[in-house]
Amino acid sequence: MAADPVRPPVATMDKIRLLTFSTLFPNNMRPNHGVFVANRLRHLVASGEVTSTVVAPVPWFPSNSPRYGEWSKHAGVAGRETLNGIVVHHPRFLTIPRAGMTTAPFLLYRAVLPFVRSLMAAGARFDAIDAHYMYPDGVAAVWLGRRLGLPTVVTARGTDVNLIPQYRLPRQLIRQAIDGSAALIAVSAALKAAMVELGAPDGKVTVLRNGVDTALFRPTERDATRRALGLTRPTLISVGLLIERKGHHRVIEALTRLPDFDLIVVGEGSEHGRLEALATRLGLGDRVRLLGARPHAELPALYSAADALVLASDREGWPNVLLEAMACGTPVVASNIWGNPEIVQRPEAGVLASENTPDGIAAAIRGLFARMPSRCATRLYAEGFSWDATTIGQIALFRSLVGR
């Protein structure tokens, strides 16, 4: 049989056995948490070249009472579940209030090492560790790999290299993890540059962008969804956690410069009440609708119903929402930061705001609507960002490590 031309020659073509390790992974209580990690892994395993056992630790918490808010959800997470045919384990680890930034890698490592050893004692075998997020996960994963004799590959995804290294101890530990890892992955060229600045050799970092599931994210019956939502005017959509760095407040404020537009916001988080109050104070109560968190499967209809997605965040690695919206035929307006220019490269994709301010966002929205691309052209552009190239790149990288 002829060798697969997209894979390098290796000593064995047995399936690669990965231990995927990250606190960013969906669970029964938070099905959208870290879904981008799960999506990449799902496509990798679907290649037939790789198997994976996921260890996705969650903080220990004593009560599942709703009065404790988000923390109570940790208590309800199943210890073991299956997602897309992949076994996912959720061991608990301790967190220390007000000291979490500095203690998290150590507590993660202390909790996970005996758990993984118990899996191996029961017969599990691994060829490499596939870790996601440099801190604290990547730091703990490198220690784990050193103790178990496994090469560790760490994927950087955003604030783990463009924010957390501003703190002295995390920066030191991240640099040690960079040195101790077998290989590094960045989801954008901008993040690779940040990793190199932190001391990573250029050749050690591979850029493997996130992709978009074009089968899930596709144009839906736009008119029916708009009727169901009561949308009658040009409508913008802003999707993501309701936290300050996502910039939903800037989009709401931009609406005061755009009297003909409405806005729907999808997501949940600590800023929910503040955003509602802001819309009311600005007299936008009837034009801004906060829909809360929605299941991933409902997003294509919401993207399709909107005329444009607006992402006004001030820090990103590779924001999946841009490609998800485009795959549904919806162009985007995005802040000109980090990985966004690597996604929004042509007019059919959308535009980048010259300034990430309400005025700059409003100007970019007006510019997009003055030269609005066809929804078919936007969808076609997104089809160039499937997961195929990323999957092939991962297989080649892991096989090179296993081959050694």
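The values are calculated or read from the model by the stated rules, or taken from the named source; none is laboratory data. None of these values were measured; they are calculated from a predicted model. Cβ: placed from backbone, ideal geometry, glycine included. Neighbour counts: every protein chain shown. Areas reflect the complete protein model, heavy atoms only, side chains present, ligands, DNA and RNA absent. Shrake-Rupley method; radii C 1.70, N 1.55, O 1.52, S 1.80 Å.
Accessible surface of the chain, 1.4 Å probe: 54 percent of it comes from carbon and sulfur atoms.
For trypsin sites (Lys or Arg not before Pro), the sites in the range 81-154 that DSSP calls loop and that have at most 11 other Cβ atoms within 10 Å are ARG98, ARG125. May I ask you to give the average projected area over all directions of the convex hull of the Cα atoms of the range 146-212, in nm² rounded to one decimal? Over every viewing direction, the Cα hull of the range 146-212 projects on average to 4.9 nm². Its Cα centre serving as origin, the chain has a Cβ charge dipole (Lys and Arg +1, Asp and Glu -1) of approximately 820 debye.
Loop-located GluC sites (Glu not before Pro) in the range 292-359 (DSSP state other than H, G, I, E, B) with a sparse environment of at most 16 neighbouring Cβ atoms within 10 Å: GLU355.
Residue separation times 0.36 nm, minus the C-alpha to C-alpha distance between LEU169 and SER72: what's the value? Show your work: numbers first, answer last.
Values: separation 97, 0.36 × 97 = 34.92 nm, distance 2.92 nm.
Gain in length upon complete extension: 32.0 nm.
In terms of packing, defined here as the mean over residues of other Cβ atoms within 10 angstrom, the peptides 210-217, 247-254 line up highest first as 247-254, 210-217.
Annotation: for a label point projected 7 angstrom from Cα along Cα→Cβ of ARG80, no residues of the range 130-173 have a backbone N closer than 11 Å. Excluding ligands, DNA and RNA, the accessible surface per residue across the range 348-397 is 44 Å² with a 1.4 Å probe.
What does the charge add up to near VAL239, with Lys and Arg as +1, Asp and Glu as -1, over the other residues with Cβ less than 10 Å from its Cβ? List each step's numbers first, then the result.
Details: positive: LYS246, ARG294; negative: GLU324.
Surrounding charge for VAL239 is +1.
Using the Cβ-Cβ distance between LEU291 and SER374 with R0 set to 25 Å, the FRET efficiency works out to roughly 0.40.
Largest first, the three principal axis extents of the alpha carbons in the range 303-381 are 29, 26, 21 Å in whole numbers. Summed over the residues of the range 16-73 and divided among them, the accessible surface reaches 42 Å² per residue at a probe radius of 1.4 Å. Distance between the modelled labels on ASP388 and LEU284, one decimal in nanometres: 4.0 nm (7 Å Cα→Cβ projection).
Shape call for the range 229-282 from the C-alpha gyration tensor, a ≥ b ≥ c root eigenvalues: rounded (a/c under 1.5), prolate (a/b greater than b/c) or oblate? Taking the square roots of the gyration eigenvalues as a ≥ b ≥ c, the range 229-282 is prolate.
Using only side-chain charges placed at the Cβ, +1 for Lys and Arg and -1 for Asp and Glu, the dipole size of the range 310-396 relative to its Cα centre rounds to 280 debye. When the charge dipole of the range 268-404 is built from unit charges on Cβ atoms (+1 for Lys and Arg, -1 for Asp and Glu) and taken about the Cα centre, the candidate among ILE365, PRO347, GLY317 whose Cα reaches farthest toward its positive end is PRO347. Taken per residue, the accessible surface of the range 115-163 reaches 30 Å², heavy atoms only and a 1.4 Å probe. Placing unit charges on the Cβ atoms of the charged side chains and taking the dipole of the chain about its Cα centre, the candidate lying farthest along the positive direction among LEU191, ASN64, GLY329 is ASN64. Compared with the alpha-carbon gap, the fully stretched path from GLU276 to TRP60 is longer by 74.6 nm at 0.36 nm per residue. Look at (1) 21.6, 69; (2) 32.8, 117; (3) 25.2, 106: the one that is Rg and Dmax of the Cα atoms in Å derived from this structure is (1).
With charges set only on the Cβ (+1 for Lys and Arg, -1 for Asp and Glu), what does the dipole of the range 55-178 come to about its Cα centre, in debye to the nearest 20? Write out the running numbers ahead of the final one.
Numbers: 14 positive and 6 negative charges, 75 e Å.
With Lys and Arg at +1 and Asp and Glu at -1, about 360 debye.
Taking a straight Cα-Cα cut-off under 16 Å and skipping sequence neighbours fewer than 8 places away in the same chain, the lysines within cross-link reach of LYS192 are LYS204.
Per the helix-only calculation at 222 nm, which mean residue ellipticity applies to the chain, given -39500 (n - 2.57) for every DSSP H run of n ≥ 4 and division by its residues, nearest 500 deg cm²/dmol? It would help to have the intermediate numbers written out before the result.
Values: 16 runs with 157 residues, N = 404.
About -11500 deg cm²/dmol.
In the distance distribution for the range 257-404, Cα-Cα pairs more than 24 Å apart total 39 percent.
Projected label points at THR103 and ALA122, each 7 Å from Cα along the beta carbon direction, are separated by 2.8 nanometres. Using the Cα centre of the chain as origin and beta-carbon charges of +1 (Lys, Arg) and -1 (Asp, Glu), tell me which of TYR381, LEU241, ILE86 is placed farthest towards the positive end of the dipole. The residue sitting farthest along the positive end of the dipole is ILE86. What separates the Cα centres of the range 231-251 and the range 39-65 is a distance of 29 Å.
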